[in-house]
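First comes the structure, then the notes that go with it.
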Ligand SMILES: C[S@@+](CC[C@H](N)C(=O)[O-])C[C@H]1O[C@@H](n2cnc3c(N)ncnc32)[C@H](O)[C@@H]1O
């Protein structure tokens, strides 16, 4: 059994814990920004393949007490690195945490790198190469004052990279945050869905992936495929099983935006994700959207005024959004992620839930409203 750490955007830890229980049937403990569990390689493959909320899956390979950079070097030489990967693989080391005795974490990363190279040279006479942008192997170290923990990163590229996103000039949210917002809003693919300000389509594409039961990791590769102990038949079986579970969504999924060039990007992203048959795109301003569907979820990420335009201009639109919600989305749940703390007040609607969440470094709230025709702030 290994100690496994699964990181996620802050605010999604409890939902990640629920997700990991569903994926592995294992209990986990919640910490800030991650959950921890004991598990085996099958659990690690399964979480990488199926978790919609995780950012990375790390396996602990060494823990020890250190008081200096040289002691970190010594600790790192105690790991039998050639057991984990071959000398022909490139690697990269990342160090995080806090240590009063050291202000230069880049030096700590160099110490670990030197230790790895020295262990390889001693055992194989070959010094593996560093690749800072696309390494085959990533080593993570977490320093908490005098405790150092070394991890193998089993994911490689962060898990929010599902493999479908084209380059975009708008401000997309990360795929695992989009999936987390859907979970926080209790979306399970069994209700109509709309994102009326969809940008590159992230939230609607994640909704379609959930509704189609498409595992988010099916279209990408993982660092564990480069490990010496990679169990290719087991991995192939897990992938085949995941492919068998895909089905067409039973309820409609709509995505719209008022910018034609942006909608085109969202359509291209949906095509790349293999989900374009399951989504309906439209170029229309939010305040003109009509629907005949009932009991759906509207979930969106409006401009915050920090990155896309000026806040006052956006706030001037809120009353129109409120009007369209009350006129056309009776019986729906509406969710908005925004950094604007005045959002419900200007919207003149009382949220049923207000959930603190981070969009990258921006502190936000997910506001959830039950929409009742003509409802107003009491
Ligand atoms: C922050 S971006 C959404 C990003 C999106 N979540 C993603 O991941 O790509 C906000 C989007 O709202 C759109 N928008 C702004 N005002 C709108 C309105 N009144 N009606 C429809 N779309 C609007 C913008 O064109 C922009 O694409």
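Miscellaneous remarks
- Condition check for residue 128: assigned by TED's automatic domain parsing to the domain that holds residue 6, touching a helix residue (DSSP H, G or I) at 6+ places or on another chain (Cβ under 6 Å), modelled with pLDDT of 95 or more and part of a loop (DSSP other than H, G, I, E, B): yes
- Among the residues of the stretch 316-337, those identified as in contact (Cβ under 8 Å) with a residue 40 or more places away in the chain and assigned to a strand (DSSP E or B) are 333, 335, 337.
- Meeting the requirement of 3 or more residues that are closer than 16 Å to residue 224 by Cβ, the strands (runs of 3 or more DSSP E) wholly within the stretch 1-92 are 2-7, 56-65.
- Residue count for the stretch 236-275 under the criterion of being part of a loop (DSSP other than H, G, I, E, B), more than 16 Å from the ligand (Cβ to nearest atom) and at negative phi: the result is 8.
- Per the conditions (1) outside any loop (DSSP other than H, G, I, E, B); (2) more than 10 Å from the ligand (Cβ to nearest atom); (3) at pLDDT below 95, the sole criterion not satisfied by residue 313 is (2).
- Remark: residue 293 matches the filter, which requires a residue to be away from the ligand (no atom under 12 Å from the Cβ) and touching a residue at least 24 places away in the same chain (Cβ under 8 Å).
- Filter result (within 24 Å of residue 354 (Cβ to Cβ) and near the ligand (Cβ under 9 Å from one of its atoms)) within the stretch 178-203: 178, 195, 196, 197, 198, 199, 202, 203
- Failed item, numbered, when residue 151 is tested on (1) over 30 Å from residue 77 (Cβ atoms); (2) out of contact with any helix residue (DSSP H, G or I) (no Cβ under 9 Å at 6 or more places or on another chain): (1)
- Residues considered: 159, 110. Of these, the only one that is surrounded by 15 or more Cβ atoms within 10 Å (Cβ to Cβ), within 22 Å of residue 230 (Cβ to Cβ) and at pLDDT 95 or above is 159.
The values are calculated or read from the model by the stated rules, or taken from the named source; none is laboratory data. Remember, it's a predicted structure, so these values are computed and weren't measured experimentally. All Cβ positions, even for glycine, are placed from backbone atoms using ideal geometry, and neighbour counts span all protein chains on display.
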